[in-house]
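Below is one structure, written out as structure tokens; comments come after it.
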Amino acid sequence: MRKSSLYLRSFVLINLGLLGSHAVSAQQKNFIDQPYLEVTGTADSSIVPDQVFLNISLSEKDTKNKTTLEELENKMINALKNLGIDLEKKLTVSDLMSNYKNYLLKKTDILKSKQFELEVNTPDQATKVLIALEELGISNINVLRVDHSRMREIENMVRIKAVSDAQAKALSLVSPLQQQIGPAIHIAEASRNTNASPYGLNEVVVTGYSGKIRASGVVDKEEEISFRKLKIEESVAVKFVLK
């Protein structure tokens, strides 16, 4: 009895497995056999970044050891505060270094340096920061990266446009054939290109900025920094049932 029950159980399991594989095969066959039209829709958008991250490097070496790192940092912080920048949210320390190695090997003075990351949100704010720091002798500044606070939302909007473009293409293709398209049976993101270059200013590296400053402290309009637009491109492949 035990052997027969084992055989019966094995027989049932094998048949269930075969039925399952037939069902999957049938589904795949149905998908392949039904007439469909595949098109690729594309869309793009250009946006001005509202988040530009600057790297500010302070070094005692740049002042020929005339100003301590702590003094440089205090001057920078006061200047940024005067510009109304929320330092708790916008300024972070990215690196802190000092040449202890040189001190140990050559018995020279320790010259310290410190790296900060500052977020600015408008061309006007970036210009004011560069001018204020330049006046303090802090000019070793470069762009780390750029972004937009609504980037994910904008990317989704571009994807929607790409799907609409795919539908419009499908309609234009079947129209001469006197046919229609049915529901979409497969959607896949074909490609994606967000031109989030690490450089968002017209000047890629801002070092030793020398804008023309009027007596009033205002930079001439033509000297203001401008942000380079980011281009977001989306491509979506869609399969429509063909009627």
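FYI, it's all coordinate maths here, none of it is from the lab. Remember, predicted model here, so these are calculated numbers, not experimental data. Neighbour counts run over all protein chains shown; Cβ positions are idealised from the backbone, glycine included.
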Report the gain in length on full extension from ASP33 to VAL174: 0.36 nm times residue separation, minus Cα-Cα distance, nm rounded to one decimal. 48.9 nm
Order of HIS148, HIS186 under a 10 Å beta carbon neighbour criterion, fewest first: HIS186, HIS148
Among ASP165, ASP33, rank each residue by its count of other Cβ atoms within 10 Å, from fewest to most, as a rough exposure measure. ASP33, ASP165
How far apart, in nanometres, would the label points at GLU153 and ASP95 be if each is projected 7 angstrom from Cα along the Cα-to-Cβ direction? 3.5
